[in-house]
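Worksheet: the structure to be examined is printed underneath.
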Amino acid sequence: MAKIRPFAAYRPAEGMESGIAALPYDVYDREEALGEVRRNPGSFLAIDRAETHFSAETDAYAPEVYEKANSLLRQRIEAGDFVKEPKACFYLYQQTWQGRSQTGLVGCASIDDYLQNVIKRHENTRADKEEDRIRHVDACNMQTGPIFLAYRNHAGLRQLMDSSKADKPIYDFVTDDGVGHRVWVITDEGKIRQIQACFEAIDSIYIADGHHRCASAVKVGLMRREAHPDYTGREEFNYFLSVLFPDDELRILDYNRVVKDLNGLTKEAFLEEVGKSFLLEERGGQPCRPERKGTFGMYLDGEWYLLTARDSIRSEDPVEGLDVSVLQRCLLGPVLGILDPKTDKRIDFVGGIRGLGELERRVHEDMEVAFSMYPTSIEELFAVADAGKLMPPKSTWFEPKLRSGLFLHDLEIR
């Protein structure tokens, strides 16, 4: 039983939405973030990554950086760049990319649902990354980046959402990366109650993307509860900003791997070792994109190979059976010596959005071998989360990314 409730968002004033909307703060390194803010000073990234207003010598996690984020946000609100919704409502957020659309409900999810595992995760989080967003949310007193949640398609919700899209959207724009964005407001109280009732019939919701933002939002809520022991549970800090999508509309791209060397092996010895666990098929110069689970592309010495996992290394376990697990357990670890992909500097990860040409470029430039993956499915993600297990790092790449700055969740106690 999931508790999702409407909220009164701060959102961009009409005509400013396309300039404000920004990719998530964590898709940029510091230099990239600075370049983007210089290119578009009005981007919400300037608030999400306030260190872009300081010299390179300034610690990105210094107190003054978070103070600057809050100052910038308040200035933008006072200038009229953002408007406050007059009453609590839901929003629909549709993204269209490469001929596909996904429509999510924008609302607030319960921190208690997260704590009680109604909202399920599939990744571990890092304390340093959590701490950054805890300090950002706490300083701004707002949640500025939505959590990407998924649920199993619900016919009643689909019908309610489709009927709401018959109205004129409040935002309708296309970003530089070719993604179309449309937003509708749902203010009808009867429809809001119906939407909430539908979610109450759903027993599990899943974090698709944004584990660190989610964990941070929950911890800020717990901090506020401790500071206000007389809390009722209705305060905004008991909820966090979310966009919830039906599973059948979501698209997960491949998350590929590149490795710096062959762990001291010659090419011939390496191929011999790979052949013990995988069937190898030479593909020459033709880029190899796997077309089914259990297959992998490999680029080595200017040639592509198709690898097919032998039956002996496959598994029915929800984690061990993932392609990313098979590759790690049977090739990256024992053959290439990548024992901990989270910390080993010899491996890097390339999102599928960059294409197979990026794998070839990396091998020619600074790596020795690349592996193209078949995308993890949303069903596999659900199975891992339902089993209470965790995926290996870099298992999923969701596209398109949610934009920050379109919806801000105010935590102010009034």
Would it be correct to say that residue 335 is part of a loop (DSSP other than H, G, I, E, B) and either over 22 Å from residue 149 (Cα atoms) or of a type in the set (Asp, Glu) (or both)? yes
Here's a check for you: in the stretch 343-367, which residue that is within 15 Å of residue 394 (Cα to Cα) and among the aliphatic types (A, V, I, L, M) is surrounded by the fewest Cβ atoms within 10 Å (Cβ to Cβ)? 353
Pick from 19, 42, 35, 15: which is in the same structural domain as residue 133 (by TED's automatic domain parsing), modelled with pLDDT of 95 or more, of a type outside the set (Lys, Arg) and at positive phi? 15
Of the residues in the stretch 47-73, how many are β-branched (Val, Ile, Thr), in contact with a helix residue (DSSP H, G or I) (Cβ under 6 Å, 6 or more places away or on another chain) and loosely packed, with under 15 Cβ neighbours inside 10 Å? 0
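Okay, residues lined up against (1) surrounded by fewer than 20 Cβ atoms within 10 Å (Cβ to Cβ); (2) aliphatic (A, V, I, L, M):
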| position | (1), (2) |
| --- | --- |
| 37 | no, yes |
| 42 | yes, no |
| 45 | no, yes |
| 75 | yes, no |
| 79 | yes, yes |
| 83 | yes, yes |
| 88 | yes, yes |
| 98 | yes, no |
| 101 | yes, no |
Residue 153: within 18 Å of the chain's Cα centre (by Cα), in a loop (DSSP other than H, G, I, E, B) and more than 25 Å from residue 50 (Cβ to Cβ), yes or no? no
Checking residue 385 against (1) in contact with a strand residue (DSSP E or B) (Cβ under 9 Å, 6 or more places away or on another chain); (2) assigned to a loop (DSSP other than H, G, I, E, B): exactly one of these is not met. Which one? (2)
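Among the candidates 301, 311, 323, 317, single out the residue that is modelled with pLDDT of 95 or more, acidic (Asp, Glu) and either surrounded by 20 or more Cβ atoms within 10 Å (Cβ to Cβ) or not assigned by TED's automatic domain parsing to the domain that holds residue 265 (or both).
323
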Take the conditions under 30 Å from residue 118 (Cα atoms), assigned to a loop (DSSP other than H, G, I, E, B) and free of Cβ contacts under 8 Å to residues at least 60 places away in the same chain and apply them to residue 316. Does it pass? yes
Exception for residue 391 within (1) touching a helix residue (DSSP H, G or I) at 6+ places or on another chain (Cβ under 6 Å); (2) more than 18 Å from residue 208 (Cβ to Cβ) falls at (2)
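Residue-by-condition table, conditions (1) within 26 Å of residue 348 (Cβ to Cβ); (2) touching an Asp or Glu at 6+ places or on another chain (Cβ under 6 Å):
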{"position": "232", "(1), (2)": "no, no"}
{"position": "242", "(1), (2)": "no, no"}
{"position": "258", "(1), (2)": "yes, yes"}
{"position": "263", "(1), (2)": "yes, no"}
{"position": "272", "(1), (2)": "yes, no"}
{"position": "298", "(1), (2)": "yes, no"}
{"position": "316", "(1), (2)": "no, no"}
{"position": "327", "(1), (2)": "yes, no"}
When you check residue 82 against the structure, is it closer than 21 Å to residue 214 by Cα and of a type in the set (Phe, Trp, Tyr), yes or no? no
Residues of the stretch 355-385 that turn out to be closer than 17 Å to residue 209 by Cβ and charged (D, E, K, R), as a count: 2
Can you find a residue that is in contact (Cβ under 8 Å) with a residue 12 or more places away in the chain and buried (at least 22 other Cβ atoms within 10 Å of the Cβ) anywhere in the stretch 124-132? no
Which numbered condition residue 179 misses (of (1) under 20 Å from the mean Cα position of the chain (by Cα); (2) closer than 26 Å to residue 19 by Cα; (3) surrounded by 19 or more Cβ atoms within 10 Å (Cβ to Cβ)): (3)
Of all residues in the stretch 240-299 being under 18 Å from the mean Cα position of the chain (by Cα) and β-branched (Val, Ile, Thr), which is nearest to residue 319 (Cα to Cα)? 252
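Test of understanding: among 381, 408, 359, 390, which residue is among the hydrophobic types (A, V, I, L, M, F, W, C) and more than 18 Å from the chain's Cα centre (by Cα)?
Selected residue: 359, the only one of 381, 408, 359, 390 that is among the hydrophobic types (A, V, I, L, M, F, W, C) and more than 18 Å from the chain's Cα centre (by Cα).
The values are calculated or read from the model by the stated rules, or taken from the named source; none is laboratory data. Since we're looking at a predicted model, the values are computed, not measured. Counting neighbours? That spans all protein chains shown, and the Cβs are built from the backbone with ideal geometry, glycine included.
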